[in-house]
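Read the structure below first, then the notes.
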Amino acid sequence: MNRAQRGLRIHGFEPYSAANGPGVRAVVWVQGCTLGCPGCFNPETHARGGGETPVDDLFERIRGLGDRIEGVTISGGEPLQQREPVLRLLGRIRAETSLSAVLFTGYRWPEVARMPELAALRDRVDVLLAGRYEAGQRIARGLRGSANKTLHLFGDRYTPHDLDAVPDAEVVIHPDGRLTLTGIDPLEVGE
Ligand code: SF4
């Protein structure tokens with residue numbers, strides 16, 4: 001398969017989340033992360049395995065949700081270790097829908113700023129949360145799981161206040177009885 005046509009290795013997909021950005025959002029958790037933050041909430045996303053989902057299929061799944069969602073959140077795993085398919089997905093979302101885009105990355109902002117895809121990211125993402133998870137600086141506020149993470153708003157769609165209103169965690173109960181704990185502080189659920 002041509003590298004330019006690669007699909008996205010994904011760990012999970014949740015069509016309706018209220019704890020991963022402003023409003024109700026579809027969430028894509030990508031599979032694969034080599035950054036190794038001690039205390040990471042999602043260690044099962046680290047392995048590089050998992051099949052590739054064609055970007056166009058993922059896009060159609062998101063578009064099919066229509067106006068029931070306000071936007072899409074890309075989380076992980078590490079989205080910026082699959083930049084080509086992630087940016088292709090975000091490009092279609094920007095060009096063909098009015099959905100907003102939130103992206104969580106474990107890369108620190110200076111690392112993101114050196115990436116050749118920075119301009120495309122700024123163009124296609126409304127809210128970027130950057131930085132390793134630091135367990136010693138753990139907080140759960142404004143979409144930041146630890147205080148060292150930095151918030152970057154591109155464009156004027158959202159303000160920091162919009163992010164403060166996002167719940168820290170949620171429990172999604174699936175029709176088959178499975179539970180998904182999501183959000184920036186999922187370990188606190190039920191405590
Ligand atoms: S970048 Fe995210 S997924 Fe990767 S180890 Fe750190 S917290 Fe976990």
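Readers should treat all values here as calculations from the given coordinates under stated rules, not as data from a laboratory. Quick caveat, the model's predicted, so the values are computed rather than measured. Note: ideal-geometry Cβ built from the backbone for every residue, glycine included; neighbour counts use all protein chains shown.
In a simple Cβ point-charge model (Lys, Arg +1; Asp, Glu -1; nothing else charged), the chain has a dipole of about 620 debye relative to its Cα centre.
Per residue, the convex hull spanned by the Cα atoms of the range 1-99 amounts to 95 cubic angstrom.
For Glu14, Glu70, Glu44, the sequence from fewest to most other C-beta atoms within 10 Å is Glu44, Glu70, Glu14. From least to most packed, judged by other beta carbons within 10 angstrom and beginning with the fewest, Thr105, Thr34 follow the order Thr34, Thr105.
Using a Gaussian network model of the chain in which every pair of alpha carbons under 10 angstrom is joined by a spring, one finds that among Gly64, Gly131, Gly106 the greatest mean-square fluctuation is at Gly64.
Amide H to amide H distances under 5 Å link Val30 with His11, Ser75, Gly76, where only residues 5 or more positions off or on other chains count and H is placed in the peptide plane. Taking other Cβ atoms within 10 Å as a rough exposure proxy, Ser98, Ser75 sort from fewest to most as Ser98, Ser75. Above 28 Å, the calculated P(r) of the range 7-182 contains 14 percent of its Cα-Cα pairs.
Build a GNM of the chain with springs between Cα atoms under 10 Å apart, and of Ile139, Ile74, Ile93 the one that fluctuates most is Ile139. The modelled label-to-label distance between Arg108 and Ala47, using points 7 Å beyond Cα along the C-beta direction, is 3.1 nm. Beta bridges per DSSP, both residues in the chain: antiparallel share near 60 percent.
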